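Asker: Attaching a single structure in structure tokens format; questions to follow.
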Amino acid sequence: MTTETIDHGTLSRLVEADVVSAAHVVGRDGGWALSVKYGVAERFLAAQRSGKVRLFRRLESVTSYLKDLGVDRFEVDASSFDAAASQTRKRPDRAAALKRAHKAAEHDAWFREQVQQALDDADKPGAVFIPHEEVMAELKAQLDALAARAGKGV
């Protein structure tokens with residue numbers, strides 16, 4: 001059975017229109033889910049990226065979220081809440097993303113350092129510049145020599 005969800009933008013507009021009749025914070029394995037009732041429909045808040053039911057790790061977080069929306073009264077059902085599971089819940093997708101971000105930041109810092117070093121070397125009084133045409137002619141000669149060796153089977 002799939003749980004029907006609602007996104008933050010829609011929930012925000014429903015609260016603004018004053019049509020949300022009830023909000024329930026429901027304890028689950030791994031955190032707290034938010035269910036809202038409007039009209040005859042009742043939906044759980046969806047996570048932004050996955051579209052699955054959003055779980056708040058701490059009750060204080062969902063409380064702040066609701067207060068920021070303008071919902072000051074809600075019910076809490078802690079009958080299925082597992083405090084141990086909410087403390088150990090991992091976000092491997094975020095951990096991997098953070099590792100990639102740190103690696104990218106390290107590479108970016110290294111690259112910027114290399115560029116700055118090259119610019120500093122170019123600004124030195126004894127720097128020698130080789131014209132582009134000369135470099136390309138030397139490269140072409142090297143490629144021709146490789147092609148000749150490859151043609152001879154060497």
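Asker: Kindly list the number of the only condition in (1) surrounded by 10 or more Cβ atoms within 10 Å (Cβ to Cβ); (2) at pLDDT below 90; (3) at negative phi; (4) not basic (Lys, Arg) that fails for Val154.
Answerer: If we test Val154 against (1) surrounded by 10 or more Cβ atoms within 10 Å (Cβ to Cβ); (2) at pLDDT below 90; (3) at negative phi; (4) not basic (Lys, Arg), just (1) comes out false.
Asker: Kindly provide the set of residues from the range 35-53 that are in contact (Cβ under 8 Å) with a residue 40 or more places away in the chain and either hydroxyl-bearing (Ser, Thr, Tyr) or surrounded by 12 or more Cβ atoms within 10 Å (Cβ to Cβ) (or both), ordered by number. Break it down stepwise before answering.
Answerer: So in the range 35-53, the residues in contact (Cβ under 8 Å) with a residue 40 or more places away in the chain come out as 44-46, 48, 51-53.
Those that are in contact (Cβ under 8 Å) with a residue 40 or more places away in the chain and either hydroxyl-bearing (Ser, Thr, Tyr) or surrounded by 12 or more Cβ atoms within 10 Å (Cβ to Cβ) (or both): Phe44, Leu45, Ala46, Lys52, Val53.
Asker: Name the pairs: first residue in the range 1-23 and in the same structural domain as Leu45 (by TED's automatic domain parsing) and over 12 Å from Gly39 (Cβ atoms), second residue of a type in the set (A, V, I, L, M, F, W, C) and part of a loop (DSSP other than H, G, I, E, B), Cβ to Cβ under 7 Å, at least 6 apart or on different chains?
Answerer: That search, which allows pairs on different chains as well, returns Val15/Val71; Ala23/Val71; Ala23/Phe74.
Asker: Looking only at the range 120-140, which residues are assigned to a helix (DSSP H, G or I) and not charged (D, E, K, R)? Please lay out each step first, then the result.
Answerer: We begin by selecting, within the range 120-140, every residue assigned to a helix (DSSP H, G or I); these are 120-123, 132-140.
Correct list: Ala122, His132, Val135, Met136, Ala137, Leu139.
Asker: Still on this structure, please answer the following. Which of the strands (runs of 3 or more DSSP E) found entirely inside the range 1-119 contain at least 3 residues meeting this: within 21 Å of the chain's Cα centre (by Cα) and of a type outside the set (Ser, Thr, Tyr)?
Answerer: Numbers: elements: 20-28, 31-38, 41-45, 75-77.
In the range 1-119, no matching strands (runs of 3 or more DSSP E) lie anywhere.
The values are calculated or read from the model by the stated rules, or taken from the named source; none is laboratory data. All figures in this text were calculated on a predicted structure; none of them were measured in a lab. Because the Cβ atoms are built from the backbone with ideal geometry, glycine has one as well, and the counts that use them run over all protein chains shown.
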